[in-house]
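Rule-based calculations on the coordinates, nothing more; no lab input. None of the values given here were measured: they were computed from a predicted structure. Cβ atoms come from the backbone with ideal geometry, glycine included; neighbour counts cover every protein chain shown.
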Amino acid sequence: MHLLSTFARFTMADSLTNATKPTKPSASRVIEVHQYHALRPGPRLLVMGGVHGNETAGPIAIRQILAEFAEGRRILHRGTLTFVPVANPVAWAAGRREGDRNLNRDFRPSLSPENVEDRIATRLGPILASHDVLVDLHTFSAPGEPFVFFGPADNQEELEPFRRSAEEERLAQAIGPRRLVYGWLAAYAKGVRRRQNGSISYGIGTTEYMRAHGGYAVTVECGQHLDPEAPAVARAAIDNALRLLDMGGLLPEEGAAPATCHDHDAPPAAEPSPDFSRSEFTPPADDQAARFELIELYDVFDRHATGDRFARDWRSFDRVAAGEPIAFRADGLPLTAPEDGYVVFPNPGTPPGREWFYFARPGRRLLR
């Protein structure tokens with residue numbers, strides 16, 4: 001097996017807990033990192049779970065795959081594969097979404113960390129920057145189907161310049177869920193411009209950080225937090241990413257016909273330099289609508305007062321017609337849909353001054 005495995009525990013300066021529930025205080029100040037190096041060159045893929053401590057599907061799926069590597073049932077053909085089962089061990093140990101703040105906001109290393117998430121991001125940032133591809137596994141609170149967040153089209157704009165959208169779009173399409181969502185940072189920026197003392201940096205999460213450092217990334221929302229099927233969605237996302245990147249997977253069961261794959265053990269004859277931007281997963285453009293539900297996050301609305309209320313009990317990605325009231329301000333002013341679209345991430349418990357809901361519309365991008 002062409003595989004070299006590295007296991008590392010990164011000790012934190014403050015009281016962080018182990019990625020599994022610790023039984024001894026001495027095991028409580030680490031982030032687990034598992035890394036596998038194949039002897040053939042290839043992509044550097046990072047898979048993370050537990051960015052939010054109450055989201056268990058990613059850690060469960062990652063640990064299943066780690067066990068398969070340990071048992072010799074899984075092989076890495078090429079490249080580097082890194083797993084961080086629980087990115088926020090403090091929140092994980094407490095069984096809550098965050099420690100001091102949301103780790104998936106204002107994600108950046110800090111020279112003067114002020115809270116535990118600052119310290120975690122300072123450790124995780126260099127790990128992200130040393131990889132080509134990130135798959136970040138999450139779940140959500142309200143009922144709904146799994147979906148994938150991906151980033152902007154190639155651009156040179158100040159907000160989120162990017163040049164690897166073709167690779168990222170292919171990854172989003174291959175990862176599993178049929179609902180694909182983009183436009184996060186652009187929509188968030190609209191809210192920041194209307195918000196007193198708002199900062200665009202608070203819209204920067206793991207995937208935005210990855211793009212800013214030359215890689216590409218997707219966030220996989222694997223289902224509701226306690227959905228028993230969510231770990232299977234997370235596991236499929238990992239396998240689909242490995243398959244797309246031609247990095248390896250499970251070995252066939254004894255007696256089963258071997259899966260057709262490249263002969264990674266045969267020495268290549270005059271092999272050209274590998275081009276990891278190419279893949280076989282290129283669904284026809286005219287089949288896009290049948291394969292996927294493409295959605296663009298378009299705007300965000302803050303709650304201004306406790307008297308602000310929703311027009312009805314919305315679920316995320318509920319459809320709304322143009323002109324239909326979504327919510328009412330405390331003075332009775334309606335907030336209506338500017339066009340046919342979706343209500344996304346409605347939170348009736350949002351405190352004043354925070355994001356209340358997003359408006360989304362059918363996506364207009366042509367995926368490659």
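Students often check this: by mean Cβ neighbours within 10 Å, which of 236-246, 215-225 ranks highest, and how do the rest follow? Before the final figure, lay out each step's value.
Numbers: 236-246: 21.0, 215-225: 24.3.
Per-residue mean Cβ counts within 10 Å order the peptides as 215-225, 236-246.
Tell me, what ³J(HN,Hα) does each residue in region 145-151 have, in order and in whole Hz, if you take phi through Karplus 6.51 cos²θ - 1.76 cosθ + 1.60 with θ = phi - 60° and put x for Gly and Pro?
8, x, 8, 10, 8, 9, x
Could you tell me the distance between the Cα centroids of region 93-134 and region 294-319, to the nearest Å?
About 28 Å separates the Cα centre of region 93-134 from the one of region 294-319.
Please work out whether region 65-126 counts as rounded, prolate or oblate from its C-alpha gyration tensor, where a ≥ b ≥ c are the square roots of the eigenvalues and a/c under 1.5 means rounded, while otherwise a/b larger than b/c means prolate and anything else oblate?
The shape class here is oblate.
Can you report the principal axis dimensions of region 298-362 using only the alpha carbons, biggest first, rounded to whole angstrom?
30, 20, 19
Largest first and to the nearest Å, give the Cα extent of region 27-250 along each principal axis.
Per principal axis, max minus min of the Cα coordinates gives 55, 40, 38 Å.
Rounded to two decimals, what ratio of Rg to Rh does region 111-169 give with C-alpha atoms and a Kirkwood Rh?
Radius of gyration relative to Kirkwood radius: 1.04.
Once amide H atoms are placed 1.01 Å from N in the peptide plane, what residues at a sequence separation of 5 or more from Gly249, or on another chain, have their amide H within under 5 Å of its amide H?
Distant-sequence amide H within range of Gly249: Ile75, His77.
For region 109-208, what does the convex hull of the Cα positions come to per residue, in cubic angstrom?
148 Å³
Can you tell me the FRET efficiency between Glu157 and Arg364 if r is taken as the Cβ-Cβ distance and R0 is 22 Å, rounded to the nearest 0.05?
0.80
Sorted by packing (mean other beta-carbon atoms within 10 Å per residue), highest first, where do 37-45, 105-113, 205-213 land?
Ranked by mean Cβ neighbours within 10 Å, highest first: 205-213, 37-45, 105-113.
Once you have a ≥ b ≥ c as the square roots of the Cα gyration tensor eigenvalues for region 286-327, tell me rounded if a/c is under 1.5, and otherwise prolate or oblate according to whether a/b is larger than b/c.
prolate
Please list 75-81, 321-327 highest first by mean number of surrounding beta-carbon atoms within 10 Å per residue.
On the way: 75-81: 22.9, 321-327: 14.6.
Descending packing order for the listed peptides: 75-81, 321-327.
Which shape class, rounded, prolate or oblate, goes with region 211-257 when its Cα gyration tensor gives a ≥ b ≥ c as root eigenvalues, a/c under 1.5 marks rounded, and past that a/b bigger than b/c marks prolate? Working shown, then result.
Numbers: a/c = 4.83, a/b = 1.22, b/c = 3.95.
It is oblate, given that a/c is not under 1.5 and a/b is not larger than b/c.
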